[in-house]
1. Over the alpha-carbon set of the stretch 198-301, divide Rg by the Kirkwood Rh and report the Rg/Rh ratio to two decimals.
2. Quick one: plug the Kirkwood hydrodynamic radius of the stretch 5-199 (C-alpha pairs) into Stokes-Einstein at 20 °C, 1.002 mPa s, and report D in µm²/s.
3. Test of understanding: what is the full-extension gain from D163 to R97, defined as 0.36 nm times their sequence separation minus their Cα-Cα distance?
4. Work out the P(r) tail for the chain: percent of alpha carbon pairs separated by more than 31 Å, whole number.
5. Using R₀ = 35 Å, calculate the FRET efficiency as 1/(1 + (r/R₀)^6) where r is the Cβ-Cβ separation of D322 and E179; round to 0.05.
6. Could you give P(r) for the stretch 286-342, binned at 5 Å from zero, as whole percent values over all Cα-Cα pairs?
7. Full extension from V189 to N296: what is 0.36 nm times the residue separation minus their Cα-Cα distance, to one decimal in nm?
8. Give the Cα extents of the stretch 215-260 along the principal axes, in whole Å, largest first.
Amino acid sequence: MRTGPEAEARRVWVLIEQEEGMVHPVSWELLGTARRLATELDSASVVVEAILLGHAVGPIAQEAFRYGASRVHLIDDPVLAVYRNLPYAAAISRLVRTYRPEIFLIGATALGRDLASAIATRVETGLTADCTELRIDPKLQILAATRPTFGGNLMATIHCRTDRPQMASVRPRVLPVPEPLPQATGAVVRAPLGISEEEVPVRRLRLIPAPRRLNLEHADVVVAGGRGLGGPDGLTLLEELADALGGVVGVSRPLVDAGWIAADHQVGQTGKTVRPKLYVAAGISGAVQHRVGVSNADFILAINTDPQAPIFQIADLGIVGDLHEVIPELIKQLREGAGHGA
């Protein structure tokens, strides 16, 4: 049993998700939020710590310090070179039981969703999944984790009042990436894995690379369309405007359901959460399920024939008009501006 100040510290943990030495950006987003949550907790002994597993991943610890971790718990072992649920979940669960963190944040990625539920089950605590907002309840002094529910029609704020850690998985791009602190340092605490390769029942026989996927979440410009496009041919307008702006094409869910475009392009609660500098919403009514995915955009331009469309409630600039008339004019002006060096 730990004693002294170490035992009294209240820990806010963040999993640093990495694959083949490449860190998923959601890890840095969560570290920035962890620092904010630590300041909201009414205690002088709150520390932000990172959890890092893998093989030959020591240099990543230095990055974690720059994004806000004061300590990195590192388990480095050849068994962890490739992500597999059993050794990762077992090792992290052991750390949880040893250090008893107050809060544990994990990215709601494919890997994070698989791992977070396994850890929560092993340590017998609650997990609020797919969160879009995190804060500390000022009265209860516990984590208030908000997520969409009832198909995105409501936002539910969930408290884990008794069990610890309070776990939450958070969608990539709903939180800002903090500015790194170049000179920041911290302590690395190494721990053994305690599991041999022979004890892991799953083996990777070979890797089949996935087709190159659309990087919608990290695009600076997203031109998105909805039912107002009228049909699949309307996607050509979006592509032309996206090309003129140096962006990518996004869509609302009905267009994916109709088979007009691949699901990689879907923005919203059941699609991707985006945080572009410019989001163009053309022919999108703006149901809450869609707004969840775009509310953090720096600037939203909405184009819709209905002046009462909900999308105008979050738009920085709205154009009431037919997108089939508005978009060609926008493309024309952009091309003319480019031709004059504007």
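1. Working: Rg = 16.1 Å, Rh = 14.5 Å.
On the Cα set of the stretch 198-301, Rg over Rh gives 1.11.
2. Values: Rh = 16.7 Å.
D, rounded to a whole number, is 128 µm²/s.
3. Numbers: separation 66, 0.36 × 66 = 23.76 nm, distance 1.22 nm.
Stretched fully, the D163-R97 segment lengthens by 22.5 nm.
4. Working: 23884 of 58311 pairs.
In whole percent, the long-distance tail amounts to 41.
5. Working: r = 42 Å, r/R0 = 1.20.
The formula returns an efficiency of 0.25 here.
6. Distribution as computed: 4, 18, 21, 18, 19, 11, 6, 2, 0 percent.
7. 35.0 nm
8. 26, 19, 13 Å, listed from the longest principal axis down.
The values are calculated or read from the model by the stated rules, or taken from the named source; none is laboratory data. This is a predicted model, so every value here is computed, not measured. Every residue, glycine among them, receives a Cβ derived from its backbone with ideal geometry; neighbour counts consider all protein chains shown. Each accessible area value is taken on the protein alone, full model and side chains, heavy atoms only, with ligands, DNA and RNA left out. Shrake-Rupley method; radii C 1.70, N 1.55, O 1.52, S 1.80 Å.
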